[in-house]
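Have a look at the structure below before the remarks.
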Amino acid sequence: MINILDYSLDKLEKLLVNEYGQKAYRAKQIYRWIYEKRTLDFDKMSDISKSFIDVLKKDFCLDIPSIFLKSVAKDGTIKILASLSDEEKVEAVIMRYRYGTAACISSQVGCNMNCAFCASGMLKKKRNLTAAEMVGQIILLNKILEEEGKGDRITHVVIMGTGEPFDNYENVVDFIHIINSPFGFAIGARHITVSTCGIIPKIYEFSKLGLQVNLAISLHAPNDEIRNRLMPVNKAYPIEDLIKACKDYVGATNRRLTFEYILIKDVNDQEIHATQLANLLHGLNCYVNLIPYNPIQEKPYERSDEVSIKNFLNYLNKRKITCTIRKEFGRDIDAACGQLRAKVK
Ligand code: SAH
């Protein structure tokens, strides 16, 4: 069975034209039914001939994950634990901003990056998610919003759930094309953010795609010594090379980069670290998103205190590096950054 939700419009057009002798517009029709009119039922696709509907029903499916658990936080953040066709589970989150409603999507079952501070990496990677499973997370979240009946829907997507998106590059790129397509969910490229721990070859590859999406780099340390300890990926892709790739990205795409920097008490939150960070990022078109660390039970790290966070921010501002403190969502339901771990309560 071919899951149509795996297919970018381009790929679906090619498949239907080459393998099924259809006109290219057939793919757009199907896309409209799925993403605009939001049906996953081939029988409802009334502008498609009965004979081709039969072909679709025979060779294709529109399977999505199911909701295994749903929790709602005091701040309105909603987290779901989605169950995949092989019973594996991943989490996805709805966050409400003033400017829209964002979905935080997982890209893998577990994660192999092993960051010392993160809960998601405590589950070894079991497998990559398919594009359909990522699209399916959005469909599920939109269904929840629809049931609330406030006319709300997902307007922004961050690929910041469990998993390293650039360790599942092809599927993530297909996923981006699907949600960005004007015939798909039509989520503007500037409303889509991919966050990576810094897999350098993929940053170069990504910069060549000509997408206008936002790229966020999980930096979290101002030098190799600290970053090696926090993020094993740094041993393969050290900071100097990473910054070089980032400069290339900004040059190639003309887009501003985001650096994520978790503030962990006494590990990377002192003025010396802010100084090193400012030196490192000097002259790079970027902005820094400071994330107060969310403590994880099994990990020894603590959140920086308010004063250190403010000082860090002020120092960077003084050095003319634009930076913000990340707004936090859903900490009471373990939906905040680094807390996703597919826990079945
Ligand atoms: N693997 C990708 C996607 C994960 S995004 C990446 O590394 O970018 C999730 C973000 O939350 C990353 O910046 C991650 O480093 C950060 N994070 C992980 N654990 C955290 C924690 N306990 N508190 C705050 N942020 C955390």
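Answer yes or no: is there a residue in region 97-106 that is assigned to a helix (DSSP H, G or I) and open to solvent by less than 40 Å² (accessible area, probe 1.4 Å). Within region 97-106, none of the residues are assigned to a helix (DSSP H, G or I) and open to solvent by less than 40 Å² (accessible area, probe 1.4 Å). Scanning region 46-98 for residues that are touching a residue at least 12 places away in the same chain (Cβ under 8 Å) and at positive phi returns a single hit, G76. Screening V93 against (1) of a type in the set (V, I, T); (2) assigned to a strand (DSSP E or B); (3) more than 16 Å from the ligand (Cβ to nearest atom) leaves a single unmet condition, (3). Evaluated against (1) out of contact with any Ser or Thr (no Cβ under 8 Å at 6 or more places or on another chain); (2) assigned by TED's automatic domain parsing to the domain that holds K124; (3) part of a loop (DSSP other than H, G, I, E, B), C111 falls short on exactly one condition, (1).
Given the criteria assigned to a strand (DSSP E or B), modelled with pLDDT of 95 or more and closer than 28 Å to K247 by Cβ, does L290 qualify? Yes: the conditions hold for L290.
Look at K327 and say whether it is open to solvent by 60 Å² or more (accessible area, probe 1.4 Å), farther than 24 Å from R229 by Cα and touching a residue at least 40 places away in the same chain (Cβ under 8 Å).
Taking the combined requirement at face value, the residue satisfies it.
Within region 4-49, the set of residues being within 13 Å of S181 (Cα to Cα) and in contact with a strand residue (DSSP E or B) (Cβ under 6 Å, 6 or more places away or on another chain) is empty. Filtering region 301-324 to residues that are free of Cβ contacts under 8 Å to residues at least 12 places away in the same chain, on the phi < 0 side of the Ramachandran plot and basic (K, R) leaves K310, K318. Residues in region 197-252 that are charged (D, E, K, R) and under 18 Å from the mean Cα position of the chain (by Cα): K202, E205. Here is the figure for region 179-193: residues that are open to solvent by 20 Å² or more (accessible area, probe 1.4 Å), under 14 Å from the mean Cα position of the chain (by Cα) and under 17 Å from K11 (Cα atoms) total 1. Being under 17 Å from N3 (Cβ atoms) and under 29 Å from the mean Cα position of the chain (by Cα) is the filter here, so list the residues in region 15-32 that pass it. Scanning region 15-32 gives L15, A27, I30, Y31.
From the set of residues in region 62-96 that are surrounded by 19 or more Cβ atoms within 10 Å (Cβ to Cβ) and farther than 17 Å from Q339 by Cα, which is farthest from the chain's Cα centre (by Cα)? Among residues in region 62-96 that are surrounded by 19 or more Cβ atoms within 10 Å (Cβ to Cβ) and farther than 17 Å from Q339 by Cα, the one farthest from the chain's Cα centre (by Cα) is L62. Among residues of region 129-178 being without any contact (Cβ under 8 Å) to a residue 24 or more places away in the chain and either in a loop (DSSP other than H, G, I, E, B) or buried (at least 19 other Cβ atoms within 10 Å of the Cβ) (or both), the one that is nearest to the ligand (Cβ to nearest atom) is K150. Which ones in region 105-119 are of a type in the set (S, T, N, Q) and either more than 23 Å from E87 (Cα to Cα) or near the ligand (Cβ under 6 Å from one of its atoms) (or both)? Within region 105-119, just N114 meets the criteria. Residues in region 107-125 that are among the small types (G, A, S), over 18 Å from the mean Cα position of the chain (by Cα) and surrounded by 18 or more Cβ atoms within 10 Å (Cβ to Cβ): there are none.
The values are calculated or read from the model by the stated rules, or taken from the named source; none is laboratory data. Predicted, not measured: the structure shown is a model, and the values here were computed from it. Heads up, the Cβs are rebuilt from the backbone with ideal geometry, glycines too, and the neighbour counts pull from every protein chain shown. These area figures cover heavy atoms from the full protein model, side chains too; ligands, DNA and RNA do not enter into them. Shrake-Rupley method; radii C 1.70, N 1.55, O 1.52, S 1.80 Å.
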